[in-house]
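The structure under discussion appears below in the form of structure tokens.
Every number here is computed from the coordinates shown, using simple stated rules; none is lab data. Because the structure is predicted, anything quoted here is derived from the model rather than measured. Ideal geometry is used to build each Cβ from the backbone, glycine not excepted, and the neighbour counts take in all protein chains shown.
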Amino acid sequence: MADAAFRLGWVLLACLLAAFAVNHGTGFFAFAESDTDRLMFVGLAAMNLLGLVVVLVAYRPGERWAWAATWVPIAATALVVLYVDERSIGYFYLGAALVMALTQAAAWPRMGSVTAGGAARR
């Protein structure tokens, strides 16, 4: 059961990070109206790409540091609600961050049973 929850959470987290990376990369070209907007889109796209790399390379084998590091893009996604003018977009990001946090919670039983280096405890 824990493995199935981990796998589902891992796939969902990877898909969300990839979607946000593409969305923010596209936003740089399509939606940004000022230098501040462009900086925000580039920063969020880069953070989501880095989060995706961590999830694809180190998270799946069970590296604990990857689980902890994945909270950074989740927190950044949640904080969007504080600095966007249109609240509906902010609430969308907050909801997405909640889903990402739930995927983290689903992964914890497996991550908690892994030692440094990704080897499972016996």
Using the Cβ atoms and a cut-off under 12 Å, what net charge is assigned to the surroundings of TRP10, where Lys and Arg are +1 and Asp and Glu are -1? +2
How are the alpha carbon pair distances in region 2-112 distributed across 5 Å bins from zero to the largest one, expressed in percent? 2, 13, 22, 25, 17, 10, 7, 3, 1, 0
Going by alpha carbons, how many degrees (0 to 90, nearest 10) lie between the helix axis of 87-112 and the longest principal axis of the chain? 10 degrees
Helix 35-54 against the longest principal axis of the chain: what's the angle in degrees, Cα atoms only, rounded to the nearest 10? 10 degrees
Could you tell me which residue out of SER88, PRO73, VAL57 lies farthest along the dipole of the chain toward its positive end? Charges go on the beta carbon: Lys and Arg +1, Asp and Glu -1, centred on the Cα centre. VAL57
What are the ³J(HN,Hα) values, in whole Hz, obtained from phi via the Karplus relation 6.51 cos²θ - 1.76 cosθ + 1.60 with θ = phi - 60°, for each residue of region 64-81 in sequence order, with x given for Gly and Pro? 4, 4, 5, 4, 5, 5, 5, 5, 5, x, 5, 5, 4, 5, 5, 6, 4, 4
Which order, highest average first, do 74-85, 29-40, 52-63 follow once you tally other Cβ atoms within 10 Å for each residue and take the mean per peptide? 52-63, 74-85, 29-40
Rounded to the nearest 500, the 222 nm mean residue ellipticity computed for the chain from DSSP H runs (n ≥ 4, each -39500 (n - 2.57)) alone is -26500 deg cm²/dmol
Give me the dipole magnitude in Debye, nearest 20, for the chain about the Cα centre, with unit charges on the beta carbon: positive for Lys and Arg, negative for Asp and Glu. 740 debye
Phi to ³J(HN,Hα) by Karplus 6.51 cos²θ - 1.76 cosθ + 1.60 over region 21-32, Hz, x for Gly, Pro: 5, 5, 4, 6, x, 5, x, 4, 8, 9, 10, 5
